[in-house]
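K.L.:
Below are the structure tokens for one structure; questions will follow.
The values are calculated or read from the model by the stated rules, or taken from the named source; none is laboratory data. Worth saying up front: this structure is predicted, and the values here are computed from it rather than measured. Cβ sites come from the backbone with ideal geometry, for glycine too, and all protein chains shown count toward neighbours.
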Amino acid sequence: MKAVIMAGGKGTRLRPLTLHTPKPMVPLLNRPCMEYALDLLRRCDIYEIGVTVQYLPEVIRNYFGDGSDFGVKLRYFEEESPLGTAGSVKHAASFLDETFLVISGDALTDFNLRDAIEFHRQKQAIATMVMARVASPLEYGVVMTDDGGRVTRFLEKPGWSEVFSDTVNTGIYIMEPELLERIPDGASYDFSLQLFPQLLEEGLPLYGYAAEGYWSDIGTLQQYRQTQYDMLDRKVAVRIQAAEPMPGLFVEQGVRLPSRIRLIGPSYIGAGCTLHPSCSIGPYTILGSGNVVYPHSALERSIVWNGCSIGSRAELQEALLMDRTQVGQDVRIQEGAVIGSGCALGDKSVIRPEVKLWPGKRVDRLRTVNASLIWSEDAPASLFRGSRICGTPNADLTPAFAGELAAAYGSVLPAGASVVLARGPHDFDALLQTAFAAGLRSAGIHVTDIGEVSAACTRYAVRKLGAAGAVHIGLCPPAAGSGPERGALCWMDAKGRPLSSPAARKIEQAYFQEDYARGAVDRLGRLESYAHARADYIAALQRELDLESIAAANYAFVLHAPAAHAPEIEAWAAMLGGSRIHLRAETSSPAAVLEQVRRLDADFGIAWDADDRLQVITPEGGLHEPEALLPLIVRALALRGVRASLGMPVSAPAAVEAAAEGSLLQIVRTKEDLHAQMEATSGLPLHPGAHPLYAAGLLIQCAAEGRTLCQLQEQLPSLCMAKEEILCRREETGPLLRGMTEWVRKGKHQVELLDGIRLQAEDGWVLILPDADEPRFQIVAQADSMDTARRLARQYANRLAKTQLLIRK
């Protein structure tokens with residue numbers, strides 16, 4: 001049998017390690033990662049191996065040669081440009097004339113591939129994906145199989161609500177050669193995104209084999225560290241090429257160990273290292289070859305490549321040093337710092353946590369290099385929460401951070417693109433916007449400042465102005481007693497939709513890698529102002545409402561909204577004939593709104609919170625929560641006779657379909673996020689979920705035309721919804737979804753996996769949905785009575801809790 005090792009990846013998330021070293025050559029316990037793949041294949045009696053290379057191919061060729069020194073026969077296939085996973089293997093088609101195995105050269109595993117190969121042959125599969133179970137599947141391709149192992153579904157890099165399984169694609173495949181005929185020559189083509197979906201669609205025998213053992217794709221710097229810690233802990237069955245003079249201490253040849261030295265395992269010391277008396281090598285320290293550690297220096301959980309010098313009294317705590325780094329005396333390198341090849345750190349210098357120095361940098365004596373990243377490694381590894389970046393003003397969100405973030409954003413946009421910037425009324429909003437605009441302009445991106453407007457107005461403006469995207473910057477006033485104000489940067493795409501997860505990840509990668517380019521000084525972005533955004537938006541709202549009927553009805557209502565939106569709402573109220581509109585520029589409780597409704601003898605009140613959600617309060621004390629308003633808004637749209645499609649979240653009440661019956665309005669169920677809802681909407685210039693004033697106007701128009709909220713409610717099925725919440729650990733999300741999916745399917749329920757798990761019970765429906773930002777699950781139930789809805793919510797919350805206990809055992 002033959003194998004192909006894919007060794008062409010750049011490993012951008014591992015920079016600066018991979019700036020001059022291809023990812024398969026990054027060392028693990030002083031041996032290149034790819035060498036462990038060769039060991040594994042050789043144990044399976046696979047000796048003829050093709051190697052696909054593209055990034056720095058000569059580094060791989062120079063080390064491995066023809067493979068004879070490693071007991072195998074290697075043949076190289078070089079790509080002129082990246083061809084994707086499948087295209088890369090197709091490039092080696094002349095070598096593959098029988099069943100073959102594909103494996104990544106930049107991952108570490110000890111799977112028994114013989115068992116996987118036997119499984120493939122027994123199932124007579126055309127392709128078999130070797131799968132692993134992981135706690136957090138977000139960065140991988142999730143694979144679902146039936147009881148026989150046949151693949152039924154897979155998702156590439158899912159969100160938490162799509163993690164129906166914790167088995168993921170490891171990039172190890174067993175394939176039949178006829179598959180290569182399906183891959184185009186010389187084109188970029190991917191196994192997971194293109195070939196496997198095609199096989200699934202055609203019903204061909206695509207199988208998944210859940211392997212037992214260790215697997216790490218070494219995709220991040222933290223994973224790179226942890227993988228080697230796992231090797232020292234013997235969690236992975238690989239050959240360690242060093243003696244073990246005492247348990248957990250691995251020492252290669254030619255190492256000088258003085259008597260007065262502190263050694264605490266597990267640790268690894270490479271060939272030719274010199275350790276001076278009184279130095280301390282703490283647990284999980286890994287030294288490559290030819291390093292010198294001087295007296296009284298202390299290393300713990302640190303990885304040092306080859307040929308480095310660690311000066312006297314230096315302290316390295318979870319540091320990572322590449323080749324030929326010179327560390328002076330009394331230097332402190334703190335947690336998570338990465339020092340590139342050939343750097344020189346002067347005496348008494350300090351490298352703060354998470355700082356990364358690119359190769360060849362020199363740090364002067366006594367200098368402190370501060371962290372450039374906002375959060376440390378044990379904080380969330382992402383900046384975005386949905387389409388927002390939130391934080392404490394002038395602590396998490398600083399002008400310096402805004403400028404760097406904007407430059408990263410600019411680096412992923414087309415050259416010369418334009419971005420709309422808007423802000424709230426606070427001075428800090430303006431300060432942050434100025435810094436953000438400077439960062440964009442330094443990257444060659446043009447900026448259009450539309451001033452103090454709402455996020456909804458910004459959504460409309462970015463489309464009207466034809467910009468590539470928009471960012472709204474504003475402080476969020478806290479609820480009473482809830483702590484300090486929070487700032488938020490709300491991102492939108494060219495269509496005014498919240499930024500998608502893939503687009504947000506691109507910005508994060510550019511920011512964390514810190515290698516985004518600035519524009520030339522003669523090609524800086526322009527800064528322009530546009531003063532008509534609010535007027536344009538009010539005019540758009542005006543076109544969508546029947547103002548004559550609203551004015552004629554002389555309807556009275558109370559509106560409590562955030563102060564930041566007051567100018568916009570005043571203009572909107574004037575458009576409606578605002579003499580009977582009572583506006584209070586503050587967020588209030590429903591009780592406060594009800595009190596004013598009764599005192600002013602208003603027809604109803606609207607409470608609008610900082611998250612742009614509406615509640616409606618009637619004089620009788622009735623409260624319509626945001627979910628309960630959805631069917632009413634849909635009915636109001638349906639009565640207008642517009643032919644359109646409207647995206648509604650999977651959690652919306654079943655009454656939304658009933659509200660659209662008999663009209664030209666079609667309801668399209670989507671994922672929970674607003675981006676998906678807006679993407680599924682057509683025929684409507686504004687989505688009521690993204691434009692609260694539009695939603696409020698529709699309800700007011702219905703009331704003005706003689707259809708009160710109570711009358712609209714009576715035309716629709718009863719709405720009884722109940723909610724429960726289960727807290728969990730983030731790594732439990734995938735196993736919990738998988739366990740609940742298996743359990744509900746055994747019950748013969750009708751199940752939808754659009755977003756989370758939505759199932760039809762005998763007396764209602766239930767949605768089990770993981771939170772996108774917090775480690776918790778929401779259980780939403782709807783039934784004909786509130787008692788039944790509460791019973792369903794509790795029943796499935798209890799089942800989820802039982803599944804959680806089983807996982808923890």
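K.L.:
Looking at Val593 and the list (1) surrounded by 20 or more Cβ atoms within 10 Å (Cβ to Cβ); (2) touching a helix residue (DSSP H, G or I) at 6+ places or on another chain (Cβ under 8 Å), which single condition is not satisfied?
P.N.:
(2)
K.L.:
May I pose another question? Inside region 129-153, can you point out the residues that are more than 18 Å from Leu40 (Cα to Cα) and touching a helix residue (DSSP H, G or I) at 6+ places or on another chain (Cβ under 6 Å)? Give the steps one after another, and end with the answer.
P.N.:
Filtering region 129-153 down to residues more than 18 Å from Leu40 (Cα to Cα) leaves 133-153.
Ala135, Ser136, Pro137, Gly141 - these are the residues of region 129-153 that are more than 18 Å from Leu40 (Cα to Cα) and touching a helix residue (DSSP H, G or I) at 6+ places or on another chain (Cβ under 6 Å).
K.L.:
Given Leu629, Leu646, which one is surrounded by 20 or more Cβ atoms within 10 Å (Cβ to Cβ), assigned to a helix (DSSP H, G or I) and hydrophobic (A, V, I, L, M, F, W, C)?
P.N.:
Values: Leu646 fails: assigned to a helix (DSSP H, G or I).
Sole residue among the options that is surrounded by 20 or more Cβ atoms within 10 Å (Cβ to Cβ), assigned to a helix (DSSP H, G or I) and hydrophobic (A, V, I, L, M, F, W, C): Leu629.
K.L.:
Ok, one more. Name the residue, out of Ala132, Ala125, that is of a type in the set (A, V, I, L, M, F, W, C), part of a strand (DSSP E or B) and surrounded by 14 or more Cβ atoms within 10 Å (Cβ to Cβ).
P.N.:
Details: Ala125 fails: part of a strand (DSSP E or B).
Unique residue meeting the criteria: Ala132.
K.L.:
Here is a follow-up. Please state which of the following conditions Ala187 fails to meet, knowing it meets all the rest: (1) over 31 Å from the mean Cα position of the chain (by Cα); (2) assigned to a loop (DSSP other than H, G, I, E, B); (3) in the same structural domain as Ala37 (by the TED database).
P.N.:
(1)
K.L.:
Considering each of Ala696, Ala658, Ala690, Ala654 in turn, give the residue that is crowded, with 22+ Cβ neighbours inside 10 Å, hydrophobic (A, V, I, L, M, F, W, C) and modelled with pLDDT under 90. Working first, answer last.
P.N.:
Working: Ala658 fails: crowded, with 22+ Cβ neighbours inside 10 Å; Ala690 fails: modelled with pLDDT under 90; Ala654 fails: crowded, with 22+ Cβ neighbours inside 10 Å.
Of Ala696, Ala658, Ala690, Ala654, the one residue that is crowded, with 22+ Cβ neighbours inside 10 Å, hydrophobic (A, V, I, L, M, F, W, C) and modelled with pLDDT under 90 is Ala696.
K.L.:
To continue, here is another question. Of (1) of a type in the set (Val, Ile, Thr); (2) more than 30 Å from Ser589 (Cβ to Cβ); (3) assigned to a helix (DSSP H, G or I), Val471 satisfies all except one. Which?
P.N.:
Unmet for Val471, out of (1) of a type in the set (Val, Ile, Thr); (2) more than 30 Å from Ser589 (Cβ to Cβ); (3) assigned to a helix (DSSP H, G or I): (3).
K.L.:
Here's a follow-up. I'm trying to understand the selection: among the residues of region 60-86, which are in contact (Cβ under 8 Å) with a residue 40 or more places away in the chain and touching a Leu at 6+ places or on another chain (Cβ under 7 Å)?
P.N.:
Ala86
K.L.:
Scan region 437-457 and report the pairs whose first residue is over 13 Å from Asp536 (Cβ atoms) and whose second residue is among the polar types (S, T, N, Q) and buried (at least 24 other Cβ atoms within 10 Å of the Cβ), with Cβ atoms within less than 9 Å and a gap of 6+ or a chain change.
P.N.:
Final answer for the pair search is Asp449/Gln433.
K.L.:
From the residues in region 433-447 that are of a type in the set (A, V, I, L, M) and assigned to a loop (DSSP other than H, G, I, E, B), which one is surrounded by the most Cβ atoms within 10 Å (Cβ to Cβ)? Quick ask: steps written out before the conclusion?
P.N.:
Going residue by residue through region 433-447, those that are of a type in the set (A, V, I, L, M) are 435, 437-438, 440, 443, 445, 447.
Of the ones still in play, those that are also assigned to a loop (DSSP other than H, G, I, E, B) are 443, 445.
On the way: Ala443: 25, Ile445: 28.
Within region 433-447, the match that is surrounded by the most Cβ atoms within 10 Å (Cβ to Cβ) is Ile445.
K.L.:
Any idea how many residues of region 719-752 are of a type in the set (Ser, Thr, Tyr) and surrounded by fewer than 13 Cβ atoms within 10 Å (Cβ to Cβ)?
P.N.:
Adding up the residues that qualify gives 0.
K.L.:
So, one more: What number of residues within region 325-340 are assigned to a loop (DSSP other than H, G, I, E, B), farther than 15 Å from Arg365 by Cα and touching a Ser or Thr at 6+ places or on another chain (Cβ under 6 Å)?
P.N.:
0
Let's see how each residue does on (1) assigned to a loop (DSSP other than H, G, I, E, B); (2) among the acidic types (Asp, Glu); (3) farther than 25 Å from Ile779 by Cβ; (4) not assigned by the TED database to the domain that holds Ala494:
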| site | (1), (2), (3), (4) |
| --- | --- |
| Gly641 | yes, no, yes, yes |
| Ala652 | yes, no, no, yes |
| Ala659 | no, no, no, yes |
| Ala676 | no, no, no, yes |
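K.L.:
Please verify whether region 290-304 includes one or more residues that are surrounded by 22 or more Cβ atoms within 10 Å (Cβ to Cβ), more than 22 Å from Phe250 (Cα to Cα) and not hydroxyl-bearing (Ser, Thr, Tyr).
P.N.:
no
K.L.:
Looking at region 601-611 only, could you name the residues that are in contact (Cβ under 8 Å) with a residue 24 or more places away in the chain, surrounded by fewer than 21 Cβ atoms within 10 Å (Cβ to Cβ) and either under 29 Å from Glu661 (Cα atoms) or of a type in the set (Asp, Glu) (or both)?
P.N.:
Within region 601-611, Asp601, Asp603, Asp609 qualify.
K.L.:
Follow-up question, since we're still on this one. Take the residues in region 533-568 that are of a type in the set (Ser, Thr, Tyr) and part of a helix (DSSP H, G or I), then tell me which one is nearest to the chain's Cα centre (by Cα). Give the derivation first.
P.N.:
Taking region 533-568 first, the residues of a type in the set (Ser, Thr, Tyr) are 537, 549, 555.
Filter again for part of a helix (DSSP H, G or I), leaving 537, 549.
Details: Tyr537: 32, Ser549: 46 Å.
By that ranking, first place goes to Tyr537.
K.L.:
How do the strands (runs of 3 or more DSSP E) wholly within region 196-294 filter down when requiring 2 or more residues that are hydroxyl-bearing (Ser, Thr, Tyr) and not assigned by the TED database to the domain that holds Tyr36: which remain?
P.N.:
Details: elements: 206-210, 243-246, 249-251, 267-269.
Passing ranges, in order: 267-269.
K.L.:
Count, please, the residues in region 753-787 that happen to be over 23 Å from the mean Cα position of the chain (by Cα), surrounded by fewer than 18 Cβ atoms within 10 Å (Cβ to Cβ) and not in a loop (DSSP other than H, G, I, E, B).
P.N.:
Within region 753-787, residues that are over 23 Å from the mean Cα position of the chain (by Cα), surrounded by fewer than 18 Cβ atoms within 10 Å (Cβ to Cβ) and not in a loop (DSSP other than H, G, I, E, B) number 3.
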